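Just below is one structure, and these are the notes that go with it.
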């Protein structure tokens, strides 16, 4: 997304949330949030809890969202947030210095995001990758999930046509915007928008783009009636899922084959490492048990093997010599809740599967029911 | 659905999961005709998904998301390699100062953008926790938190110290988690398989894992094996196989080609001065200055005093620490000398004859009206009219300079090792914003990144060349876009002039390729430290000519070592593979623990 796209995106969001725009230039926008937007964006649950309980009138936050930081005049009150990691010298060094001095002399920043005094409006860069834009996008996703829309009927000739005769029939469509994720240790995604006619059973791809070019309204226009469904919602969903499943099965699967091969290779590597170790451990255990040198040995076993005590001296020496290659005072011998070698092997195998197992996920971005003129030609 | 029509193998291979959790909620709304969402928000939701879509497996997506960091080419290469070849499990073993943190941040960000990583644990030395948190937040827009309370473990990206994490009750909490990504900084602390650190990491569940260390091998070939086995068990075979295949001796590899190849699958090491890593030039200017008569008298007085003490002490260098300090301080400022002299006299018995000698020296100090060096420095600063950092070895000099500059209307801030983190940050902030000058006594340590400044003045010279290099390294580092100008204040007729001659003209250290100096010094210091050699020359010389001669021969031996190191390099190029492992081991074995 470039600066213009981001700017237009944010402006549409603010508008949809009925925020009042105080100042707008190509470089930035200063806005007083609506209550709805404030609750979603400012992360002030205590404040809103207070307002809700006491019934006090809310004072919503104001922000300056900067789309083009390079062309933004410097903020006179703001010091750089970081001195060590910020990449460039602030545009106004004197102000930055003053702010730093004020900090030491105890001029605390206001509660509203580093503001100074109630009149100051916090300023934020809203560029792609900024947390604010990500948040606005996430909030939009949460609050734009399901819609029901009708094609408007207000262009001249159609209105006359409609008024002159009887009411116009509208055909119901189910539109699903779907995300496909092809994932292994890496990931690729596709977005599909499919429309399904509940009358004819027709399927159309790229439906959202077509809808965005239509005039749509949430209210049923006058002189219009909707046709009775011939397909159910479940059938619609099934058809759309089927279409996409076909698409998935016909798409290039090299990535998945490769991922599966990697998975097998990694498992082989683990097996080559752990299986001999496990075998060794089992043998050692058997030996140790036989010769009463481990603490884990049970009393009955000791008794049972007591007759072999004569051999134990030689073997004990072998066993105690083993850890002498490395000495470290901080050893782990009596550490609690250790996992056994076998558990570790299992864990490593699962990790590898988790990492490489190819998988495809189909999820809904949002869904709509759209009523369109029945003779509308979908191209 | 006609699932029986689909090719069987595909079905087996790639499970397709269809999320239908939304369906009921959609159905309810259709049944009740509402509540419906806003059409604009519906479009915005769709556009957000489009904008953030990961269109291909290969491309680095995170770059479009990063606005406050510009990764260098070698860092991007490293990130790509870890993602596409090493599949997210790697040892990042760049030399100090090449930005391992940035590389790790890029990789983490990429996985997060692709939604493959959410839960992340970052284990670092306690002193680096806040720095990591800061960098991830500011440079990468990753909401990392420093672990302080037990509930912090529930956050998505947590930075904690290894020592905390491995102790109960934290340990049990962490053992029950599944981490999409674990990053461990200073991972050479995991070189020993029997330590709690190592075992702790073994027990954690993790998908991707990055180990960061500049020194994967310090003493022993086994350290390398342990580190890699932690990351990918079996990559180098079992211990026995590894020893048989790749280890000739504890510190000596065999079959370097094979080992190198295996290592390149899990480890990336960028070296300084190698392709892709570009440093700007260093421009050195020596500013000769002549002491006033009074200052010269003090210098001579101190030198004579020190030499007498040395001789009366029977030439024992070990007990002469304060004397050598005195000799060094007299090159810096009268304030520094004064403090040491006063402290010295306090330790002596009331009737000691040395006391009167000391007071004679103090009288000489009182006679000094001007400070030639400080004046020269100030003129220099006024002339360049840009940000400049001044390094001195002595706190007394630092304080004197602060006062001197402030009297002359020049805004300067101090920087000391003893300051706490917050104060250091504040000083840095003042220097960035308002002050033209920073006066620092500490050159080492993390956090002093002064890329925005490209002038530095060595007010006095440390006798340890590595410290000089550290000073330069604060300014001359990755991200510095200007050539760095280094000014050395050299007082004629003093030991300082000799040292400067030696370092500048004989071995040209100021302009040397970064990373080469430590190699030369290490060879040289096999016969005793540079500082010690200098002290001895100074104390034992009877005349200026003696000093000249001795310093000259010191220079000669440094020079021949430099040639050796250089020749080594030529040989290495002839056999690149061998060189890679060999120098790899040399480097890993010798670098100081960060």
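The values are calculated or read from the model by the stated rules, or taken from the named source; none is laboratory data. Being a predicted model, the structure only gives us computed values, none of them experimental. Positions of Cβ are backbone-derived with ideal geometry, glycine not excepted, and every protein chain shown enters the neighbour counts.
Would you call residue B:88 touching a strand residue (DSSP E or B) at 6+ places or on another chain (Cβ under 6 Å), on the phi > 0 side of the Ramachandran plot and either surrounded by 20 or more Cβ atoms within 10 Å (Cβ to Cβ) or in contact (Cβ under 8 Å) with a residue 12 or more places away in the chain (or both)?
Here the answer is yes, as residue B:88 does meet what is asked.
Scan region B:179-196 for residues that are facing chain A (nearest Cβ under 8 Å) and either in contact with a strand residue (DSSP E or B) (Cβ under 7 Å, 6 or more places away or on another chain) or not in a loop (DSSP other than H, G, I, E, B) (or both) and jot them down.
Across region B:179-196, the qualifying residues are B:194, B:195, B:196.
For region A:124-132, state whether one or more residues are within 8 Å of another protein chain (Cβ to nearest Cβ), at pLDDT 80 or above, under 30 Å from residue A:364 (Cβ atoms) and not in a loop (DSSP other than H, G, I, E, B).
Taking every residue of region A:124-132 in turn, at least one turns out to be within 8 Å of another protein chain (Cβ to nearest Cβ), at pLDDT 80 or above, under 30 Å from residue A:364 (Cβ atoms) and not in a loop (DSSP other than H, G, I, E, B).
Restricting to region B:97-134, and then to whatever is more than 14 Å from chain A (Cβ to nearest Cβ) and in a loop (DSSP other than H, G, I, E, B), can you tell me which residue is nearest to residue B:200 (Cα to Cα)?
Of everything passing the filter in region B:97-134, B:125 is nearest to residue B:200 (Cα to Cα).
Select from region B:162-178 the residues that are in contact (Cβ under 8 Å) with a residue 24 or more places away in the chain and assigned to a loop (DSSP other than H, G, I, E, B) and write down the one among them that is nearest to residue A:350 (Cα to Cα).
If we take residues in region B:162-178 being in contact (Cβ under 8 Å) with a residue 24 or more places away in the chain and assigned to a loop (DSSP other than H, G, I, E, B), then B:177 is nearest to residue A:350 (Cα to Cα).
If you scan region A:344-359, which residues turn out to be surrounded by 20 or more Cβ atoms within 10 Å (Cβ to Cβ) and within 7 Å of chain B (Cβ to nearest Cβ)?
A:348, A:351, A:355, A:358
Does residue B:24 satisfy the criteria of being out of contact with any helix residue (DSSP H, G or I) (no Cβ under 9 Å at 6 or more places or on another chain) and modelled with pLDDT under 90?
Criteria not met by residue B:24.
As an exercise: evaluate residue B:519 against (1) modelled with pLDDT of 65 or more; (2) in contact with a helix residue (DSSP H, G or I) (Cβ under 8 Å, 6 or more places away or on another chain) and give the number of the one condition it does not meet.
Going through (1) modelled with pLDDT of 65 or more; (2) in contact with a helix residue (DSSP H, G or I) (Cβ under 8 Å, 6 or more places away or on another chain) one by one, residue B:519 breaks only (1).
Return the residue satisfying two criteria in turn: it lies in region B:197-224 and is farther than 23 Å from residue B:101 by Cα and either in contact with a helix residue (DSSP H, G or I) (Cβ under 9 Å, 6 or more places away or on another chain) or touching a residue at least 24 places away in the same chain (Cβ under 8 Å) (or both), and of such residues it is nearest to the other protein chains (Cβ to nearest Cβ).
B:203
Mind listing just one residue for me: the one in region A:276-292 that is touching a residue at least 40 places away in the same chain (Cβ under 8 Å) and surrounded by fewer than 17 Cβ atoms within 10 Å (Cβ to Cβ) and, of those, nearest to the chain's Cα centre (by Cα)?
Here the residue is A:278.
Given the structure, is residue B:137 closer than 26 Å to residue B:450 by Cβ and either at the interface with chain A (Cβ under 10 Å from one of its Cβ atoms) or more than 23 Å from the chain's Cα centre (by Cα) (or both)?
Here the answer is yes, as residue B:137 does meet what is asked.
Of the residues in region B:67-85, how many are assigned to a helix (DSSP H, G or I), surrounded by fewer than 19 Cβ atoms within 10 Å (Cβ to Cβ) and within 11 Å of chain A (Cβ to nearest Cβ)?
Selection size over region B:67-85: 1.
Away from chain A (no Cβ under 11 Å), touching a helix residue (DSSP H, G or I) at 6+ places or on another chain (Cβ under 8 Å), assigned to a strand (DSSP E or B) and surrounded by fewer than 21 Cβ atoms within 10 Å (Cβ to Cβ): is that true of residue B:159 in this structure?
Judged against the criteria, residue B:159 is not a match.
Taking region B:235-255 on its own, how many of its residues are within 11 Å of another protein chain (Cβ to nearest Cβ) and either under 21 Å from residue B:213 (Cα atoms) or assigned to a helix (DSSP H, G or I) (or both)?
Counting residues in region B:235-255 that are within 11 Å of another protein chain (Cβ to nearest Cβ) and either under 21 Å from residue B:213 (Cα atoms) or assigned to a helix (DSSP H, G or I) (or both) gives 8.
Report, by residue number, each residue of region B:379-398 that is in contact (Cβ under 8 Å) with a residue 12 or more places away in the chain, part of a helix (DSSP H, G or I) and surrounded by fewer than 18 Cβ atoms within 10 Å (Cβ to Cβ).
Selection gives B:380, B:382, B:384, B:395.
Please work out if residue B:485 is surrounded by fewer than 22 Cβ atoms within 10 Å (Cβ to Cβ) and in a strand (DSSP E or B).
Criteria met by residue B:485.
Which numbered condition in (1) surrounded by fewer than 14 Cβ atoms within 10 Å (Cβ to Cβ); (2) part of a helix (DSSP H, G or I) is the only one that residue A:252 fails?
(2)
Whether any residue in region B:55-66 is at pLDDT 90 or above, surrounded by fewer than 19 Cβ atoms within 10 Å (Cβ to Cβ) and more than 26 Å from residue A:206 (Cα to Cα) is what I want to check.
The answer is no; no qualifying residue exists.
Within region A:187-213, can you find the residues that are closer than 17 Å to residue B:17 by Cα and facing another protein chain (nearest Cβ under 9 Å)?
Hits for region A:187-213 are A:187, A:188, A:189, A:190, A:191.
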